[in-house]
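Below is one structure; the comments refer to it alone.
Values in this text are rule-based calculations from the coordinates and carry no lab data. Keep in mind the model is a prediction, meaning the values are calculated, not measured. Every residue, glycine among them, receives a Cβ derived from its backbone with ideal geometry; neighbour counts consider all protein chains shown.
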Amino acid sequence: MLSVLKKHTMAILFPAILVVAGIVYYVLDPTVENSWAPKCPMKLLTGFDCPSCGVQRAFHCVLHGNISEAIHYNLFLVISIPLAFAVILASWYNFNHVFDRLERFVCNRYVLIAYIVLYFLWWILRNVMGI
């Protein structure tokens with residue numbers, strides 16, 4: 001019973017948090033010099049981009065409908081948004097087993113392995129080729 005209550009609470013709380021974060025990233029621009037947004041510790045320490053570098057700026061651009069600029073900041077985020085949406089939908093909103101097929105797809109070990117491989121490939125390519 002407690003796990004069902006916890007799942008329903010997250011199903012309500014998560015969209016609220018997402019809306020608040022969306023408003024913050026829509027209004028406050030992390031693309032400007034000396035921004036409020038935190039800097040990547042890996043980039044500061046090594047000079048290399050981590051796979052998530054540019055996510056805040058890309059998210060801001062996506063919210064403003066500027067997909068091409070978002071791709072410039074972080075291509076992998078733009079690719080990850082639909083998968084993240086599918087995982088959340090299948091995991092937290094699968095009431096009455098409506099999204100069972102979607103859950104079987106996104107929770108498939110091969111999909112997870114492919115995502116992890118693409119993640120590390122993206123990390124290498126963006127630093128070697130300067131993507």
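From the square roots a ≥ b ≥ c of the eigenvalues of the alpha-carbon gyration tensor of the chain, which class results: rounded (a/c under 1.5), prolate (a/b over b/c), or oblate? Verdict is oblate for the chain. Look at the alpha carbon pairs under 8 Å that are at least 6 residues apart: their mean separation over the length of the chain gives a relative contact order of 21 percent. If only the Cβ of Lys and Arg carry +1 and only the Cβ of Asp and Glu carry -1, the dipole of the chain around its Cα centre is close to 360 debye. Full extension of the chain segment joining Ile79 with Met129 gains 16.1 nm, where the gain is 0.36 nm per residue of separation less the Cα-Cα distance.
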